[in-house]
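So the structure is just underneath, and the comments pick up after that.
Every number in this text was worked out from the coordinates using simple rules, so none of it is lab data. All of these numbers come straight from a predicted model, not from anything done at the bench. Backbone-built Cβ (ideal geometry, glycine too); neighbour counts: all protein chains shown.
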Amino acid sequence: MTPPAEWICRGRRVRTDGPPLVMGVLNVTPDSFSDGGRYLDPDAAVEHALRMAADGAEIIDCGAESTRPGAREVPADEQIRRALPVLRSLARATDALISIDTRSAVVAREALGAGAHIVNDVSALRHDPAMAATAAEFEAGVVLMHMRGTPETMQRETGYTDVAGEVCAHLERRVHAAREAGIAETRIAVDPGIGFGKTAEQNVTLLRALPRLVESGRPVLVGASRKSFIGRLLDRPAGERMAGGLAVALHAAARGARIIRTHDVRETCDALRIWATLAREGKE
């Protein structure tokens, strides 16, 4: 099935039939694996987000809770304290789509009220029973991601018989649940959850199998930027994994991914621009 040409997020119609959209990572956390603590100050966070938008990010994904392996849940009120000043400022300052990366319906409601367009939920609406209804009420775009367990436990739950098949089946079930809760098909994107409850080898297998997920007919988001499997393949710390992340982004784009989530926005946009030019010329 061909993915739709649009992803609708609170009335904003986003084209998904061209080169992938770039989603810039904005962590307003003290403990994220790559840039924890750098953007805790709201002014620094807003400045960084606007720089990412200027560099080509169509979406800014703001998260106030680290979901790195082993991370514990952050209370909703603390997430709101960290994220809301940033989201309010961004809603006034940029035309980029704003995404809230949270598992909490309370946080999502506050973020959507402040002007966010998308709920990016690593639990695919499973963690908080009120999340699906909240996203439906605001007509938000949603990203449903595959993850077993929680960030705290997920790396103990990596036993798969067919990782690609099981991820695709899980996401189909979550899409069905979202639709049953009133979230329109045109507002749903899916994410295979690279690095979430998978070994390095399973991440590689899943990336090779992306066309299976693309065939579902929904925009596919891939977020592999700076993740540990790249570090294992290259023997590089988090701050030296950009080249590996670019390679994954281009691989994902060539296999139908419509959204690339990255810390390295300018470089990713440049790489995708050249890739798109070459791919277009190859069809002439």
(request) Grab the beta carbon distance between residue 205 and residue 17, set R0 = 35 Å, and tell me the FRET efficiency rounded to 0.05. (result) 0.80
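From the helices alone, meaning DSSP H stretches of at least four residues, give me the mean residue ellipticity at 222 nm for the chain, per-run term -39500 (n - 2.57), in deg cm²/dmol to the nearest 500. Before the final figure, lay out each step's value.
Working: 10 runs with 118 residues, N = 284.
Calculated from helices alone, the mean residue ellipticity at 222 nm is -13000 deg cm²/dmol.
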(message) Once you keep just the Cα pairs under 8 angstrom separated by 6 or more residues, what percentage relative contact order results for the chain?
(response) 21 percent
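What order do you get for 216, 104 when you list them from fewest to most C-beta neighbours inside 10 Å? Walk me through the intermediate numbers first.
Numbers: 216 16, 104 26.
Listed from fewest to most nearby Cβ atoms, that is 216, 104.
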(message) What distance in nm separates the two pseudo spin-label positions at residue 215 and residue 41, each 7 Å out from Cα along the beta-carbon direction?
(response) 5.1 nm
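How high is the FRET efficiency between residue 243 and residue 77 when r is their beta carbon distance and R₀ equals 25 Å, given to the nearest 0.05? Provide the component values of the computation, followed by the final result.
Details: r = 39 Å, r/R0 = 1.57.
The computed FRET efficiency comes out at 0.05.
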(request) Determine the distance separating the Cα centre of region 230-279 from the Cα centre of region 112-153; give it in Å without decimals. (result) 25 Å
(request) Could you work out the per residue convex hull volume over the alpha carbons of region 180-284, in cubic angstrom? (result) 124 Å³
(message) Under the 0.36 nm per residue contour assumption, what length would be gained going from the current alpha-carbon distance of residue 161 and residue 270 to full extension?
(response) 35.5 nm
(request) Would you please report the Å³ per residue occupied by the convex hull of the alpha carbon atoms in the chain? (result) 116 Å³
(request) Kindly state, to the nearest 0.05, the FRET efficiency for residue 130 paired with residue 172, given R0 = 30 Å and r defined as their beta-carbon distance. (result) 0.85
(request) Provide the packing ranking of 219-227, 49-57, i.e. peptides ordered by the mean count of other C-beta atoms within 10 Å per residue, highest first. (result) 219-227, 49-57
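If you average 1/r over all unlike Cα pairs in region 63-206 and invert the result, what Kirkwood radius do you get in angstrom? Please list the in-between numbers first.
Numbers: mean 1/r = 0.0643 Å⁻¹.
Here the Kirkwood hydrodynamic radius works out to 15.6 Å.
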